[in-house]
Amino acid sequence: MDHFLYHNGVLHAESVPIPEIAAAVGTPFYVYSTATLVRHYGLLAEALASMPHLICFAVKANGNLAVLKVLGDLGAGMDVVSGGEYLRARAAGVPSSRIVFSGVGKTRSELRLALEGGIRQFNVESEPELRALSEIAASMGLRAPVALRVNPDVDAKTHEKIATGKSENKFGIPIARARAVYAEAAALPGIEVVGVDVHIGSQLTDIAPFRQAFEKVAELTRALRADGHTISRLDLGGGLGIPYARSNEAPPLPHDYGQVIRESVGSLGCEIEIEPGRFIAGNAGVLVASVIWLKEGEGRRFLVVDAAMNDLARPSMYGAHHDIVPVFEAAPGLEHGLYDVVGPVCETGDTFAKARALPEMGEGDLLAFRSAGAYGAVMASEYNARPLVPEVLVQGDHFAVIRARPSYDEMLGRDTIPAWL
């Protein structure tokens, strides 16, 4: 469920008409619904209510400070994968005690940054990282709280570019080697072992891989405790999918996800950490664009819109589907045509959809790309010297720009021509 619905034939974000926002900020733009963010966080909290838990929002899904503050004020922690994301979480008011630092390539400077500012735990992904973290922490007179990320060799049955739990993926320590690495961790002076971490991928639409991975984590936890380690936390990652196409079969419900967690690891008495991103933010946002031209091709009709692959990369990067709807609802019975919806970037890959059924559209008409609240604005670039699009947050009947569109002068001003040129 989201809060982007038609009222009197006009698409609204909560109680704000989308055309009103378009008139104020211009297109293209992202708009997020506070009510949807709150609702989706609440569904996960309810699913885990019977267990001690912390829901750490994956900042890589949507790093806007206003979005992070909405979730942080609800009690969410943050899962960060860079020093910049760590600083974003802190700038949004999230205490360091609720920040988990993940990622396969943390640099020494990023490790030090988090140790200096405080951290709930590091999800360590390799022996070299473990040793470097111990060295840095010990030099500061600290012991870094650590969960080792294990790779359970589980096929998440998702897109190959967002699967992270198979043996050929770059993430984590092979689960067969985990006990040896935990033994090394326990002997290092700057390390405090606190838990186990696993994350098998993103946009999972089947509950079975979760169960398979969590059962392996439970077995490992029992073995580690037998080895003398204190395992008080289990970080089970994220990955719960969302329906990008409204006709598709729905992914697992949060209740079912919580039930799998209870059945597989609930008896261990550990605090449960999860790292959802897409589930919370995906359907909480839409990208709104205007039609520039209707172009007639050889046997094809192209809707050329003012959003492009640099604004929403998922279709060109993953072949991902986003429902595309007119902002002004089509009249009942109105004939639909088939359009290729494309952007203005000089790449054939700048294509959002092919042969998509839409009502008759023309210059200036508004379209909304649904389910764009995750991995949309955060992945945007200024390719083709196109300024980053603004982001807007809606709450009830009012809205605010939470990241402004930069001017051309601001964009060009970031470059410097050396004096010797």
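Taken together, the values in this text are just the output of simple stated rules run on the coordinates, not laboratory data. This is a predicted model, so every value here is computed, not measured. Here the Cβ positions follow ideal geometry from the backbone for every residue, glycine too, while neighbour counts run over all protein chains shown.
For the cross-link pairs Lys106/Lys354; Lys69/Lys106; Lys69/Lys295, which exceed 31 Å when the distance is taken from alpha carbon to alpha carbon?
Values: Lys106/Lys354 39 Å; Lys69/Lys106 24 Å; Lys69/Lys295 42 Å.
Pairs exceeding the cut-off: Lys106/Lys354; Lys69/Lys295.
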**Study point:** Helix 34-47 axis, angle to the chain major axis (alpha carbon atoms, nearest 10°)
**Key:** 30
Check your understanding: Assigning unit charges at the beta carbon (Lys, Arg +1; Asp, Glu -1) and nothing else, what dipole magnitude in debye, to the nearest 20, does segment 103-274 show about its Cα centre?
Key -> 140
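Magnitude of the Cβ-charge dipole of segment 178-278, K/R +1 and D/E -1, about the Cα centre, nearest 20 debye? Write out the running numbers ahead of the final one.
Numbers: 9 positive and 14 negative charges, 25 e Å.
Here the size comes out at about 120 debye.
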Point to revise | Computed magnitude of the charge dipole of the chain (debye, nearest 20; Cβ of K, R +1, Cβ of D, E -1) | key: 1000
Check your understanding: What does the convex hull of the alpha-carbon atoms of segment 103-274 project to on average, in nm²?
Key -> 10.2
Point to revise | Net +/- balance of residues flanking Lys69 in space, Cβ distance below 14 Å, scoring K and R +1, D and E -1 | key: +2
Point to revise | Selection from Gly238, Val31, Ala307, by position along the positive dipole direction of the chain (Cβ) | key: Gly238
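Report the rotationally averaged projected area of segment 248-364 based on its alpha-carbon convex hull, in square nanometres. Walk me through the numbers before you get to the answer.
On the way: hull surface 41.0 nm².
With the hull built on Cα positions only, its mean projection is 10.3 nm².
Using only Cα atoms, what Kirkwood radius does segment 248-290 have, in angstroms? Each step should come with its number before you reach the end.
Numbers: mean 1/r = 0.0764 Å⁻¹.
Kirkwood radius, segment 248-290: 13.1 Å.
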Practice item. Using only Cα positions of segment 193-312, each an equal point scatterer, no hydration layer, compute I(q)/I(0) via Debye at q = 0.09, 0.18 Å⁻¹ and quote the log10 values to two decimals. Key: -0.41, -0.95
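Let me know the whole percent of all Cα-Cα pairs from segment 298-340 that are separated by more than 16 Å.
Details: 488 of 903 pairs.
Distances greater than 16 Å cover 54 percent of the Cα pairs.
For Leu412 and Leu65 in the same chain, what is the full-extension length gain: residue separation times 0.36 nm, less their Cα-Cα distance, in nm? Kindly include the intermediate steps, with their values, before the conclusion.
On the way: separation 347, 0.36 × 347 = 124.92 nm, distance 2.43 nm.
Taking Leu412 through Leu65 to full extension adds about 122.5 nm, to one decimal.
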Point to revise | Leu334 paired with Arg177, simple spin-label distance in nm, labels 7 Å along Cα-to-beta-carbon | key: 5.9
Review point. Who wins for biggest fluctuation among Lys295, Lys216, Lys60 in a Gaussian network model of the chain, springs between alpha carbons below 10 Å?
Key: Lys295
Check your understanding: Along each of its three principal axes, how wide is the spread of alpha-carbon positions in segment 313-421, in whole angstrom units, largest first?
Key -> 65, 39, 27
Check your understanding: What do the square roots of 5 times the Cα gyration tensor eigenvalues come to for segment 103-142, in whole Å, largest first, as semi-axes of the equivalent ellipsoid?
Key -> 15, 12, 9
Practice item. Set the Förster distance to 51 Å, then compute FRET efficiency between Ala24 and Asp227 from the Cβ-Cβ distance, nearest 0.05. Key: 0.25
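So what's Rg/Rh here for segment 37-87, counting alpha carbon atoms and using the Kirkwood radius for Rh?
On the way: Rg = 11.2 Å, Rh = 11.4 Å.
Dividing the radius of gyration by the Kirkwood radius yields 0.98.
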Check your understanding: Which values, in whole Å and largest first, are the semi-axes of the equivalent ellipsoid of segment 1-129 obtained as the square root of 5 times each eigenvalue of the Cα gyration tensor?
Key -> 33, 18, 11
Review point. For segment 46-122 and segment 267-300, what is the separation of their C-alpha centers, rounded to whole Å?
Key: 21
Check your understanding: What angle do you read, to the nearest 10 degrees and between 0 and 90, between the alpha-carbon axis of helix 108-117 and the longest principal axis of the chain?
Key -> 80
Review point. Taking R0 as 56 Å, what's the FRET efficiency between Asp397 and Leu421 from their Cβ-Cβ distance, rounded to 0.05?
Key: 0.60
**Study point:** Dipole of segment 103-274, positive direction: furthest Cα of Gln121, Pro251, Gly172, with charges on the beta-carbon
**Key:** Gln121
Point to revise | Cα→Cβ-extended label distance, 7 Å offset, between Ser15 and Arg143, nm | key: 5.4
Exercise for review: Just order 350-360, 10-20 by mean Cβ neighbour count inside 10 Å, highest at the front, would you?
Suggested key: 10-20, 350-360
Exercise for review: Starting from the Cα-Cα distance between Tyr6 and Glu215, subtract it from 0.36 nm times their residue separation and give me the gain in nm to one decimal.
Suggested key: 70.9 nm
Review point. Nearest 10 degrees, 0 to 90: what angle lies between the long axis of helix 178-187 and the longest principal axis of the chain (Cα atoms)?
Key: 60
**Study point:** Extreme residue, positive dipole direction of the chain, given options Gly195, Leu287, Pro418 (C-beta unit charges)
**Key:** Gly195
Check your understanding: If one puts a single equal scatterer on every Cα of the chain and applies the Debye formula without solvent, what log₁₀ I(q)/I(0) results at q = 0.06, 0.07, 0.08, 0.11 Å⁻¹?
Key -> -0.27, -0.37, -0.48, -0.86
Study note, to complete from the structure: Full extension between Ala208 and Ala250 adds, at 0.36 nm per residue less the Cα distance, a length in nm of 13.6 nm
